[in-house]
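Structure first, then comments.
The values are calculated or read from the model by the stated rules, or taken from the named source; none is laboratory data. Since the structure is predicted, the reported quantities are computational estimates derived from the model, not experimental observations. Reconstructed Cβ throughout: ideal geometry from the backbone, glycine too, with neighbour counts over all protein chains shown. Calculation scope for accessible area: heavy atoms of the full protein, side chains included, ligands and nucleic acids excluded. Shrake-Rupley method; radii C 1.70, N 1.55, O 1.52, S 1.80 Å.
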Amino acid sequence: GENVEQHPSTLSVQEGDSAVIKCTYSDSASNYFPWYKQELGKRPQLIIDIRSNVGEKKDQRIAVTLNKTAKHFSLHITETQPEDSAVYFCAASTHGGSGYALNFGKGTSLLVTP
Amino acid sequence: DVKVTQSSRYLVKRTGEKVFLECVQDMDHENMFWYRQDPGLGLRLIYFSYDVKMKEKGDIPEGYSVSREKKERFSLILESASTNQTSMYLCAIQGQTTTYFGPGTRLTVT
């Protein structure tokens, strides 16, 4: 089955700096890659996703890049703010994410210090 | 707005008890999932269902079973709870492509 590796497990940055979280996947058939943010005591929520037909997607301060050849994708957060502090999970799925379960990485705990 | 609810936020059970965790959705989606979340291990898939009375094993089904008698309801069953099943349990539903999570049930088995 699909194996998703996520690094780093913890990340501490100063407010205003950029943060990068990287994931690799094993199944070349995977074609849907979402990112979830989980604040303390809350449920994971989708913040951005990318499909295999594009290499990059951006939404305000967050962006995701995908390298299908190398089977890795990354989350980039620019101009970090304290409210970005949370656990971030990457995931991968086949069939565009429809009808198939997401396989998650183990998460990255991001701390943004003022 | 997608609504996924779980029957309890916190639950404390004794070893050997039978435990039912319920998940209800209001969006008429076919696909429903049960994940378990543990620190450092991320979200691991226990079971999922594509339709009423259908179920598929995920990555860690041992010690669990599921029931889906109605489309909107997906239950996770711990036949005989053990202390290593102490965890956060998250139900999820899948829309066209996006997976939405319920609020979670923190289960403690003593």
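For chain B, a simple Cβ point-charge model (Lys and Arg +1, Asp and Glu -1, everything else neutral) yields a dipole of about 300 debye relative to the Cα centre. Solvent exposure of segment B:2-108, expressed per residue, is 48 Å² of accessible area, with all protein chains present and a 1.4 angstrom probe.
Measuring heavy-atom accessible area with a 1.4 angstrom probe and counting protein chains only, the residues of segment A:8-40 that give up at least 20 Å² relative to the chain alone are A:32, A:36, A:38. Residue separation of residue A:46 and residue A:109 scaled by 0.36 nm, minus their Cα-Cα distance, works out to 21.1 nm of gained length. In segment B:1-24, which residues have a backbone nitrogen under 20 Å from the label point lying 7 Å from residue B:52's Cα in the Cα-to-Cβ direction? Those under the cut-off are B:5, B:22-24.
For chain A, a crude dipole built from +1 on the beta carbon of Lys and Arg and -1 on the beta carbon of Asp and Glu, taken about the Cα centre, is about 280 debye to the nearest 20. For the residues B:85, B:96, B:37, a GNM of chain B with alpha-carbon springs under 10 Å puts the largest fluctuation on B:96.
Based on the Cβ-Cβ distance of residue B:15 and residue B:69, what FRET efficiency does E = 1/(1 + (r/R0)^6) give at R0 = 35 Å, to the nearest 0.05?
Once the sixth-power term is evaluated, E becomes 0.80.
For the pair residue A:68 and residue A:3, label points projected 7 Å from Cα toward Cβ lie 2.3 nm apart. Using C-alpha pairs below 8 Å separated by at least 6 residues, the relative contact order for chain A is 37 percent. The residues packed around residue A:24, meaning those with a beta-carbon under 14 Å from its beta-carbon, carry a net charge of +1 if Lys and Arg are +1 and Asp and Glu are -1. Taking the 1.4 Å solvent-accessible surface of the protein assembly as shown as the whole, the part contributed by carbon and sulfur is 48%. Could you compute how much accessible area chains A and B hide from each other, both sides summed, with a 1.4 Å probe? Nearest 100 Å² is fine. Approximately 1600 Å² gets buried when A meets B. Annotation for segment B:35-99: trypsin sites (Lys or Arg not before Pro) lying in DSSP loop with at most 12 further Cβ atoms inside 10 Å of their Cβ are B:53. Exceedance of the 28 Å cut-off in Cα-Cα distance is limited, within the set A:22/B:70; A:71/B:71; A:42/B:18; A:57/B:57, to A:22/B:70; A:71/B:71; A:57/B:57.
Using a Förster radius of 22 Å, what is the FRET efficiency between residue A:53 and residue B:96 based on their Cβ-Cβ separation? Nearest 0.05, please. Plugging the Cβ-Cβ distance into 1/(1 + (r/R0)^6) gives 0.85. For the residues A:85, A:26, A:74, a GNM of chain A with alpha-carbon springs under 10 Å puts the largest fluctuation on A:26. Label separation (residue B:82 vs residue B:27): 3.4 nm, computed from points 7 Å beyond Cα along the C-beta direction.
The distance from the alpha carbon centre of segment B:73-97 to that of segment B:1-61 is 3 Å, rounded to a whole number. With a cut-off of 15 Å between beta carbons, the residues surrounding residue A:78 carry a summed charge of -4, where Lys and Arg count +1 and Asp and Glu -1. Electrostatic tally near residue A:67: other residues with Cβ closer than 11 Å to its Cβ, Lys and Arg +1, Asp and Glu -1, net +2.
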